[in-house]
Number of protein chains: 2
Amino acid sequence: MESLKNHINNYLEISETTFSEIARFFSYQGKKKKEYFLREGEEFNKMFFIESGCVNISFIKDNGQEQTIDFAIENWWTSDFLSFSKSEKSRFSIRAIEDTSVIILTKDAKEKLLVEYPFMETYFRAVFEKAYAASQNRIKLLYELSREEAYFHFRDNFPEFIQRVPQYLIASFLGFTPEYLSEIRKKSIS
Amino acid sequence: MESLKNHINNYLEISETTFSEIARFFSYQGKKKKEYFLREGEEFNKMFFIESGCVNISFIKDNGQEQTIDFAIENWWTSDFLSFSKSEKSRFSIRAIEDTSVIILTKDAKEKLLVEYPFMETYFRAVFEKAYAASQNRIKLLYELSREEAYFHFRDNFPEFIQRVPQYLIASFLGFTPEYLSEIRKKSIS
C-alpha cells in the first residue's frame, strides 16, 4: 500500500507507524483487463484508490450503448459517489481497461477511520476538494469546446490516456463514434 | 451568520461559543440583483456561502455570449474552485440574480481556520464530498439526457430554480436559445 501512503503524504505527514495502524481499514483487489470491479445496478459501498492500472466508469444508455463518462488511473480515488453517499445501487460500472489493482475503502470502514483517526479528514477534504475543482472545470469544458476541440484538449492535457485507453472508449467519452474520432486523428496528422 | 452555523450543525455539533470563536475567519458581503460578486479575469481567492439569494456562475464564450454553467442558492458554497486552489485569475463570473448576501472565506482564512480548528476539516470534507458526488451525477446527466429531457429533469428536480431564475439564464444553463426553451414550455403545458 506504498502508493496510498505516498498519496496521503502529499497532503499531510504520516509516519510508518501510524500508516500501519490505519492500513487495517483498507483492503486490496486486483482485476485482469476487461474484468469488472463493479457492475451498474449492484449494491455498492466502496471507494477505490487506483494503485496500478486504469479503469473506465460507464453506464448503459437507453439505446443499450455503453457510455463512458470518466477514467481513473494511478493515484485517483474513484467510485459512484452519489450511490456511495446514499447507499443506493450503483448507477455506473467500473471496469479494468488494463490489469488493475485497487485499494478499497468501504463506507463503514471510512466512517470508522475518520472517527478514530480524525487527521484523515484533512486528507479526504483535500482529495474531494481537488476532485470537485477538476469536475467544475470539466463541466466548463463540456459547455465551451466543440467535440473536435474536446479531443485536442484531451490529447494535449492527458497524453497518457490517449496512449493507454482503447480508441472506442475515448470516442465514447468524447461523445463521438469511433469513425469520427478516426477522421479527426487523420486530419490532425495530415 | 446563523445560516452558516446551522449548515455546520448538519455535519457536526458546534456550540455557540465555538462558533463565535471561528466567526472571525468569515466576512460578509451583500449585492443587489445583477451586481457582480466576481468578474471573470479578476484576482480571486474566496469561497462564498450563500446566506440568502441566488447567483449564477458563468463565463464568456469565444463568440462573446455569456454561458451560465451553474447556479447557487441558500446553503451552497460556490467559487471558481480550480482558480481558488491554484491562486489563478478567475475563469468565471459570479453575479447576483436576486438581492444576495454571502459569507466569505478567503483562501488565507480557510488555511488558518483549518489549522486552528481542525474539526472544521470534517465540515469541509463533507461539503466537498457532497458537491463532488452531485457534480459526477450532473456529468452523467449531460451525457444521458437530450436537451428537452434535461429541461424536464431540471424542472422536476429543482422546481425552486424555475421559479426564481430568469428564463434566459435557464436557457443558457441548458444550452438552449430562449426561444427553444419557450417552445418546450408551451409544448409541456398544452
Region B:46-81: number of residues that are outside any strand (DSSP E or B) and crowded, with 19+ Cβ neighbours inside 10 Å: 4
Every pair of residues 6+ apart whose Cβ atoms lie under 8 Å, when the first sits in region B:157-168 and is in contact (Cβ under 8 Å) with a residue 12 or more places away in the chain while the second is among the small types (Gly, Ala, Ser): B:167/B:182
Matching residues, region B:1-14, being surrounded by 15 or more Cβ atoms within 10 Å (Cβ to Cβ) and in a loop (DSSP other than H, G, I, E, B): B:1, B:11, B:14
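Would a scan of region A:85-106 turn up a residue that is within 9 Å of chain B (Cβ to nearest Cβ) and assigned to a strand (DSSP E or B)?
Quick first cut of region A:85-106, residues within 9 Å of chain B (Cβ to nearest Cβ) only: A:85-86, A:91-92.
Checking the rest, the ones that are also assigned to a strand (DSSP E or B) come to none.
No, region A:85-106 contains no residue that is within 9 Å of chain B (Cβ to nearest Cβ) and assigned to a strand (DSSP E or B).
Return the residue satisfying two criteria in turn: it lies in region B:15-45 and is hydroxyl-bearing (Ser, Thr, Tyr) and within 25 Å of residue B:2 (Cβ to Cβ), and of such residues it is surrounded by the fewest Cβ atoms within 10 Å (Cβ to Cβ).
Within region B:15-45, the subset hydroxyl-bearing (Ser, Thr, Tyr) is B:15, B:17-18, B:20, B:27-28, B:36.
Next cut, within 25 Å of residue B:2 (Cβ to Cβ) only: B:15, B:17-18, B:20, B:27-28.
On the way: B:15: 10, B:17: 7, B:18: 15, B:20: 11, B:27: 14, B:28: 10.
Residue satisfying both the conditions and the ranking: B:17.
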Qualifying residue in region B:37-45 (condition: closer than 27 Å to residue B:158 by Cβ and either among the aromatic types (Phe, Trp, Tyr) or touching a residue at least 60 places away in the same chain (Cβ under 8 Å) (or both)): yes
Residue list for region B:46-61, filter: more than 21 Å from residue B:142 (Cα to Cα) and not small (Gly, Ala, Ser): B:46, B:47, B:48, B:49, B:50, B:51, B:54, B:55
Single condition residue B:134 does not satisfy, out of (1) at pLDDT 90 or above; (2) of a type in the set (Gly, Ala, Ser); (3) more than 30 Å from residue A:110 (Cβ to Cβ): (3)
Helices (runs of 4 or more DSSP H) contained in region A:108-190 and holding at least 2 residues within 14 Å of another protein chain (Cβ to nearest Cβ): A:120-144, A:147-157, A:167-174
Residues that are surrounded by fewer than 17 Cβ atoms within 10 Å (Cβ to Cβ) and touching a His at 6+ places or on another chain (Cβ under 9 Å), drawn from region B:97-142: B:141
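The values are calculated or read from the model by the stated rules, or taken from the named source; none is laboratory data. Since the model is a prediction, treat every value here as computed from it, not as a measurement. Quick reminder, even Gly has a Cβ in these numbers, built from the backbone with ideal geometry, and neighbours come from all protein chains shown.
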